[in-house]
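Here is the structure we will look at.
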Amino acid sequence: MKNIIMFLFFTTILAPPIFGQGKIDQVKRNTKKKKITYYYGPSSSSSNYKSTSHSSNNSSLGASIISGIFIGLASLIPSERGLAEKHGAPMGLQYYPYMEKGNGKYTRNETKDTPNTIVTDAGIYYESQQLFGLDAMAQFNLSRKISFSANTLLMREKFEDKKADIMGTLNLNAAYHLFTYTGLDMWLGGGFSHLFLENGFSGANFNIGTEIFIAKPVSLYTNWYFAGLSDNVNYTQGLIGARTYIKNTFIKVGYQFSTITGVTFKGLNVGLGIVI
């Protein structure tokens, strides 16, 4: 009896956690449901309807509050015309963040600004030995206020006893940069998202992000997507991290977070980028 107890104890302690396995497979099972419902109360149909309505009202209220905050903050920003008259030049994008006369991605130095730039980066996503992937981003800054971007994340999950599962996301967005100061960039955008999983799911997304240049040559960076796809499949995907710029290149280190149909993915993201 003692030997049996010891055997059960050590197999329980040393065995890998089952709940951490098969995340992509769990997403596949969830997306096969015709309708994914998240219950906030009793399981009766009337209660579900009320809970869904209540949740929708809360979401609408939250969106209104966030919009009000952004409108209030935007009203505090001095006009670009006034700033240009004060500094003698309009704000423009730089080819290289942290030039000798700049502490960020924007400048009022007329001789070294540019009307547009292209930013690309690629990185490695690592959650565990079984689950890892690659991510890539390309962004075209049309002006100091408008940008277009493409962002993709590909994940692979493999266990010894099963075939590898593959899943990917793609976000195509246009964004308006609310705040364009030397040391601060903040944007809101919208666009199209696609989940690469079996037949695939597509839909609209909302994008929000910011980059704060805290001290030469380091910035804090975050970028988030909230997507509502076909067949009631939703996902949230974001990155929080830091960038260190070296001329027109940068090193990024951060934390990648995604939740798809209630399944959470989170891990380290490390990569390189270039400003053209």
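General remarks:
- For the stretch 241-249, the condition holds for no residue, the condition being that it is buried (at least 19 other Cβ atoms within 10 Å of the Cβ) and not in a strand (DSSP E or B).
- Top-ranked residue of the stretch 131-143 - restricted to ones that are buried (at least 21 other Cβ atoms within 10 Å of the Cβ) and either closer than 13 Å to GLY267 by Cα or of a type in the set (Lys, Arg) (or both), ranked as nearest to the chain's Cα centre (by Cα): ASP135
- Filtered by the rule that a residue be surrounded by fewer than 18 Cβ atoms within 10 Å (Cβ to Cβ) and part of a strand (DSSP E or B), the stretch 109-122 gives THR114, ILE118, THR120, ALA122.
- In the stretch 121-141, the residues that are over 18 Å from ARG243 (Cα atoms) reach residues that are of a type in the set (D, E, K, R) and assigned to a strand (DSSP E or B) with C-beta atoms within less than 8 angstrom, at least six apart or across chains, in these pairs: GLU127/LYS266; GLN130/GLU157; LEU131/ARG156; LEU131/GLU157; PHE132/ARG156; GLY133/ARG156.
- Pairs with Cβ under 7 Å, 6+ apart, first in the stretch 155-167 and free of Cβ contacts under 8 Å to residues at least 12 places away in the same chain, second acidic (Asp, Glu): ALA164/GLU157
Residues are listed down the side, and each one gets a yes or a no for (1) open to solvent by less than 30 Å² (accessible area, probe 1.4 Å); (2) over 22 Å from THR120 (Cα atoms); (3) of a type in the set (Gly, Ala, Ser):
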position	(1), (2), (3)
PHE192	no, no, no
GLU211	yes, no, no
LEU220	no, no, no
TYR225	yes, no, no
ILE260	yes, yes, no
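- The condition of being open to solvent by 50 Å² or more (accessible area, probe 1.4 Å) and of a type in the set (Ser, Thr, Tyr) holds for only one of TYR106, TYR96, TYR125, that being TYR96.
- Scanning the stretch 120-140 for residues that are farther than 18 Å from GLN237 by Cβ and either at pLDDT below 95 or touching a Pro at 6+ places or on another chain (Cβ under 9 Å) (or both) gives SER128, GLN129, GLN130.
- Pick from the stretch 194-209, criterion over 15 Å from ALA174 (Cα atoms) and among the hydrophobic types (A, V, I, L, M, F, W, C), ranking: most open to solvent (accessible area, probe 1.4 Å): PHE196
The values are calculated or read from the model by the stated rules, or taken from the named source; none is laboratory data. Note that the structure is predicted; figures quoted are calculated from it, not measured. For neighbour counting, all protein chains shown are included, and Cβ atoms are generated from backbone atoms with ideal geometry for every residue, glycine included. Ligands, DNA and RNA are stripped out before the accessible areas are found, and what is left, the full protein with its side chains, is counted by its heavy atoms. Shrake-Rupley method; radii C 1.70, N 1.55, O 1.52, S 1.80 Å.
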